[in-house]
Amino acid sequence: MARMTSIRELPERARRPGRAAALVVRELGIMLVAVLAYFAIRGLTEGARADALVNAARVVDIERALGIHVEEDLQDLILQSHALITLANWVYIWGHWPFIAVVAAWLVLVHPGEYRVLRNAFLVSGSAGLVVFALFPVAPPRLYDGTFVDTVTEYSRAYRVLQPPALVNQYAALPSFHFGWNLLIGLGIVRCAPWRWLKAVGIVAPAAMGLATILTANHYLLDLVVGAAMALAALYAVELARGRRFAPWQLGVWLQPAERVEPDAA
């Protein structure tokens, strides 16, 4: 049975309120700068509309060939319910950066080694994603197919505050880091959470985000697959760089917490 982490097991720096606050601010500040840089560059590399529409058609063709082009059918299930639309929007908006920030703050204090692994996986996958966005722009369903409803724009304003349009490339549907990065943070919860119900949150949260990206017409299912693959590949590369070698299909090893290190360690 998992046991709760006691205050004595926290890194010495994190046991002192002032230093703990400084530690969280420092680490989240690093992440914030990286995120802002990511969105700034992403905005500058916005793809041409014509290319984005052509590539979206290619994504749809691939999905149809695989028998997984189900986005419109899934969105139709919620369009008659304002409550379900609102729920999908809330998950998409508040279940991404706000959720990631809260979990990251917890990891900084209690599992700094795991935080550093995930932070680096974010940076590696984000850097690779920028290349894809620039070379292969893809329009999301809401911009490619007029039968979809842009639920976030039509029913919510909060998202435009959290993610200003000037910093967003609207043709960066593939890969979906809304899903890929939530998958990483969910994996961090499963690895480190002391309670089973909290581990369950680490499983449910990415799944809910993946479904919300489709229900809000922001991503295709294939976007989620590519986003997850890039995020996990980045995590695996970071683990290898730390000397942790294992086969990618060894699920048990993926779920083991990274080696704990002090916050000031590399």
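We did not get these values from a lab; they are worked out from the coordinates using the rules stated. As the structure is a prediction and not an experimental result, all values here were calculated from the model. Every residue, glycine as well, gets a Cβ built from its backbone with ideal geometry; the counts of neighbours run over all protein chains shown.
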Helix 82-94 sits off the longest principal axis of the Cα atoms of the chain, rounded to the nearest 10 on a 0 to 90 degree scale, by 50 degrees
Taking alpha-carbon centroids only, region 192-260 lies from region 39-64 a number of Å equal to 24 Å
Residue order, fewest to most surrounding Cβ atoms within 10 angstrom, among 69, 96, 219, 82:
82, 69, 96, 219
In whole Hz, what ³J(HN,Hα) sequence does region 150-155 give by Karplus (6.51, -1.76, 1.60; θ = phi - 60°), x for Gly and Pro?
7, 5, 5, 5, 7, 10
For region 226-238, what does the Karplus curve 6.51 cos²θ - 1.76 cosθ + 1.60, with θ = phi - 60°, yield as ³J(HN,Hα) per residue in whole Hz, taken in order and with x for Gly and Pro?
5, x, 5, 4, 5, 5, 5, 5, 5, 4, 5, 5, 5
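Quick one: 127, 176, fewest Cβ neighbours within 10 Å first, how do they rank?
Ordered from fewest to most neighbouring Cβ atoms within 10 Å, 127, 176 come out as 127, 176.
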In Å and on Cα atoms, what radius of gyration and Dmax does region 116-252 show?
16.0, 49
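Could you tell me how many cubic angstrom of Cα convex hull volume region 176-266 has per residue? Numbers along the way, then the final one.
Numbers: hull volume 9.5 nm³, N = 91.
Here the figure is 105 Å³ per residue.
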Rounded to the nearest 10 degrees, the helix 49-66 long axis (Cα) sits at an angle to the longest Cα principal axis of the chain of 80 degrees
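Take 119, 49, 242, 157 and order them by how many other Cβ atoms sit within 10 Å, fewest up front. Provide the component values of the computation, followed by the final result.
Numbers: 119 21, 49 13, 242 16, 157 9.
In increasing order of surrounding Cβ atoms, one gets 157, 49, 242, 119.
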Which angle from 0 to 90°, rounded to the nearest 10, does the C-alpha axis of helix 97-110 make with the longest principal axis of the chain?
10 degrees
Can you list residues whose amide H is under 5 Å from residue 138's amide H, if they're 5+ apart or on another chain and H is modeled 1.01 Å from N?
172, 173, 174
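Based only on Cα atoms, what Rg/Rh ratio does region 29-242 have, Rh being taken as Kirkwood's radius? Write down the numbers at each step before the final one.
Details: Rg = 16.8 Å, Rh = 17.5 Å.
Rg divided by Rh gives 0.96.
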